[in-house]
Amino acid sequence: MGGDESALTGPDPDAHLSVGTVGLIDGLMLSPDPLADRPPAEDFEQIDAELSEVADEHHILAARVADGVCERVFEADAAESAPIGSAFTLYVLGAFVDAVDRGDLARDDDLTVTEDLKSLPSGTLQEEPDGTTVTVQEGAMAMVSISDNTTTDMLIDAIGVDQVEAVYADMGLQDTDGLTPLLTTKQLFQFGWEADDEARAVWSSADTDGQRAILADLAPGVEGVEPASVTDPRWQEGIDDFATASELCFAHAVLQACRYSGR
């Protein structure tokens, strides 16, 4: 195996696996879990204090979502907007529920994999051949359970960007600018990592209409994006989705209410 094998005889090690552009494993690293001997935090105050030691800015909202209500347990800067990554799919899920309610989509409708809709990992559907189908329900499950980016973009395509943006207010998003215009995951990869610094500067200074025009001019593929490079965030340049912890909790409450109402 190489390295210090004795370091891996204690608690379960951390495993880091990387997959190349052709879908084959190209790296595997096992290392001791740095938190194996660390006692758990006694309360949220301790978590907040320890995060303050290592991060200039952080946001916490611990809550219980019950009966469609977000019951706060602890919060720290929960009203401050921050990049939310894959949590934007909460709003796609809300739009999916509305589209089914309106009859625009049925849960057993098919979504079809095409080259134009294939994104980058996470997920698995990008490895499937064009013409592969999954149902709308299966797509929604993959979007939430494994953060499948290709499935997410297929759902956005089926629902419509305008319809996803239309649910923001009902799902508790106070400042919609942080999620408008809505970027598909593919567009995020293209503009965040394939575009050059000058293009990203133009994006940051453009208004919403200007940003929509920029997205419309993007090339269809992601061939120029190296998957390993997307670990370098672009949110400092305004290229991400933004919301507050409080808004995300409200969105969870709305979706829970949909679930228990049978929607």
Area accessible to solvent at Leu61, 1.4 Å probe radius, in Å²: 40 Å²
Phi to ³J(HN,Hα) by Karplus 6.51 cos²θ - 1.76 cosθ + 1.60 over region 111-122, Hz, x for Gly, Pro: 10, 10, 6, 10, 4, 5, 9, 5, 10, 9, x, 7
Calculated from backbone phi, Karplus (6.51, -1.76, 1.60) coupling profile of region 60-72 in Hz, x at Gly/Pro: 10, 9, 9, 8, 10, 9, 9, 6, x, 10, 8, 9, 6
Inter-label distance, nm, simple model (7 Å from Cα along the C-beta direction), Glu128/Asp196: 3.8 nm
Heavy-atom accessible surface of region 18-127: percent carbon and sulfur, 1.4 Å: 50 percent
Per-peptide average of other Cβ atoms within 10 Å, ordering 84-96, 155-167 highest first: 84-96, 155-167
Added length on full extension, which subtracts the Cα-Cα distance from 0.36 nm per residue, Val69 to Asp26: 11.0 nm
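How would Trp193, Trp203 rank on accessible area, largest to smallest, probe 1.4 Å?
So, going from the largest accessible area down, we get Trp193, Trp203.
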Largest to smallest accessible area among His252, His58 [probe 1.4 Å]: His252, His58
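Report the full-extension gain for the segment Glu115 to Ala166: residue separation times 0.36 nm, less the Cα-Cα distance, to one decimal in nm.
So the chain would gain 15.6 nm between Glu115 and Ala166.
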Cysteines having no other Cys beta carbon under 4.7 Å from their own, within the chain: Cys258
Protection proxy ranking of 45-51, 243-249 - average other beta-carbon atoms within 10 Å, highest first: 243-249, 45-51
Using distinct alpha-carbon pairs, which all enter the 1/r mean, Kirkwood radius of region 24-83 in Å: 14.7 Å
HN-Hα J in Hz across region 142-158 - Karplus 6.51, -1.76, 1.60, θ = phi - 60°, x for Gly and Pro: 5, 4, 7, 7, 10, 6, 6, 5, 5, 4, 4, 5, 5, 5, 4, 4, 6
Difference of contour (0.36 nm per residue) and Cα-Cα distance, Asp56 to Ala216: 54.0 nm
Fraction of accessible area attributable to carbon and sulfur, region 138-263 (%, probe 1.4 Å): 52 percent
Solvent-accessible heavy-atom area per residue, rounded to whole Å², over the chain at 1.4 Å: 56 Å²
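What's the FRET efficiency of Asp175 with Asp14 using the Cβ-Cβ distance as r and R₀ = 41 Å, to the nearest 0.05?
FRET efficiency, Asp175 to Asp14: 0.65.
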Where Ser147, Ser81 fall by accessible area, highest first, once all protein chains stay in place (1.4 Å): Ser81, Ser147
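For Thr152, what charge total do you get from the other residues with a beta carbon under 14 Å from its beta carbon, if Lys and Arg give +1 and Asp and Glu give -1?
With Lys, Arg at +1 and Asp, Glu at -1, the neighbours total -3.
The values are calculated or read from the model by the stated rules, or taken from the named source; none is laboratory data. From a predicted model like this one, the values you see are computed outputs, not experimental measurements. FYI the Cβ positions are ideal-geometry reconstructions off the backbone, even for glycines, and counts take in every protein chain you see. All accessible areas refer to the heavy atoms of the entire protein, side chains included, with ligands and DNA or RNA removed. Shrake-Rupley method; radii C 1.70, N 1.55, O 1.52, S 1.80 Å.
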